[in-house]
1. Collect the residues in region 119-139 that are more than 17 Å from ARG171 (Cα to Cα) and either of a type in the set (Phe, Trp, Tyr) or in contact with a helix residue (DSSP H, G or I) (Cβ under 6 Å, 6 or more places away or on another chain) (or both), keeping them in residue-number order.
2. Determine if region 40-49 includes at least one residue that is in contact (Cβ under 8 Å) with a residue 24 or more places away in the chain and more than 20 Å from THR255 (Cβ to Cβ).
3. Filter region 86-115 for residues that are within 19 Å of VAL291 (Cβ to Cβ) and surrounded by fewer than 22 Cβ atoms within 10 Å (Cβ to Cβ) and give the result.
4. Search region 252-277 for residues that are farther than 25 Å from ALA295 by Cβ and pair each with any residue that is at pLDDT 95 or above and among the β-branched types (Val, Ile, Thr) when their beta-carbon atoms are under 7 Å apart and the residues are at least 6 apart or on different chains.
5. Restrict the check to region 70-78 and report whether at least one residue is assigned to a loop (DSSP other than H, G, I, E, B) and either surrounded by 10 or more Cβ atoms within 10 Å (Cβ to Cβ) or not hydrophobic (A, V, I, L, M, F, W, C) (or both).
6. For region 199-251, how many residues are in contact (Cβ under 8 Å) with a residue 40 or more places away in the chain, among the small types (Gly, Ala, Ser) and at negative phi?
7. Tell me yes or no: at least one residue of region 48-60 is in contact with a Phe, Trp or Tyr (Cβ under 6 Å, 6 or more places away or on another chain) and in a strand (DSSP E or B).
8. Only one of (1) in contact (Cβ under 8 Å) with a residue 12 or more places away in the chain; (2) over 22 Å from MET176 (Cβ atoms); (3) not aromatic (Phe, Trp, Tyr) fails for LYS296. Which number is that?
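The values are calculated or read from the model by the stated rules, or taken from the named source; none is laboratory data. As the structure is a computational prediction, the values presented were derived from the model and not from experiment. Glycine gets a Cβ as well: all are built from the backbone with ideal geometry, and neighbour counts include every protein chain shown.
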Amino acid sequence: MNDKPRELEPWQWPEPHWRKLVNQVRAGRSYRPNKWKGGARCAVALSFDSDHETNELREGGKSIGRMAWGEYGARVCVPRILTLLQKYGVHATFFVPAVAALLHPEEQIRVIAEGHEIGMHSWIHELNSVLPYEAERDIMLRSRDTLEKLTKVHPVGMRTASWDFSPHTLRIEKEMQLLYDSSLMADEDCYELLMDGEPTGVVELPVEWVRDDAVYFMMHRFQSLRPYTPPPDVFDIFRREFDAAYEAGGIFQLTMHPHISGYRSRIWILEEIIRHAQSKKDVWFATHREVVEYAKANAA
């Protein structure tokens, strides 16, 4: 006889159970200013997830070829991106796993020296959403301390490597008194994160897969992962996203990866997005920290 209790199917869950799951992390107050800094109509928040070798290391991978691909991101692509940003006088945010920062400390020093922001992005690009509280907290604290030691700047924001939360992530962010997170997708404007229905003080600057280069260009030889969208089509998607944000007076947030969009045949996408946005005149380019601080202080 099998005396093990049968687990309920989701369609059998009682209402308190599914409500508890949904209410772990929710969107609270919206932080939407009538105008952006300097009277700008639209804020542009460019970000780069500098995963480098951790893209392979995260799940115990040992492929020398894929680690070389990550090294290419640091060796060639980040300098190329920084030169382009400097050309147009644009500041951005670089989210960096602590292991990638330790492998390339000179990169982090240059990023900060040129006026950009560095945010937390895990320890080794691990899947945080499956970790117990103690392990996730330890990783987040070590990541913060590592970035601060290398850059002499205290990071105030983070992006989870999985673009997902565990049941503990927001609790830890609140305990760390982080200003913002940039991993979730409940809005297009900044909003406060609620934990079990209560305000946390942590602001979400939302991401979205449609504004992430990896979903169009990612490649893995031994998996069914192949680039499927031509660069001009990706540019068209990003441009339409910006145009809609501009018309709405909102935020255009973009996520790119150096080892994916830093190629000679793709870097033009970033340049043309910048040129297109700057042609509007009343657009404010800012780091994620600057956007969050302004939105929170000037919300309508």
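1. TRP123, ILE124, HIS125
2. Step one: of region 40-49, the residues in contact (Cβ under 8 Å) with a residue 24 or more places away in the chain are 40-49.
Cutting the leftovers down to more than 20 Å from THR255 (Cβ to Cβ) gives us 40-41.
Yes, region 40-49 contains a residue that is in contact (Cβ under 8 Å) with a residue 24 or more places away in the chain and more than 20 Å from THR255 (Cβ to Cβ).
3. Within region 86-115, the first condition is being within 19 Å of VAL291 (Cβ to Cβ), and the residues that meet it are 88-96, 111-112, 114-115.
Result: TYR88, GLY89, VAL90, HIS91, ILE112, GLU114, GLY115.
4. Close Cβ pairs satisfying both conditions: PRO258/VAL78; PRO258/ILE81; SER261/ILE267; SER261/ILE269; GLY262/VAL76; GLY262/ILE81; ILE269/VAL234.
5. Quick first cut of region 70-78, residues assigned to a loop (DSSP other than H, G, I, E, B) only: none.
No, region 70-78 contains no residue that is assigned to a loop (DSSP other than H, G, I, E, B) and either surrounded by 10 or more Cβ atoms within 10 Å (Cβ to Cβ) or not hydrophobic (A, V, I, L, M, F, W, C) (or both).
6. 4
7. yes
8. LYS296 satisfies every listed condition except (2).
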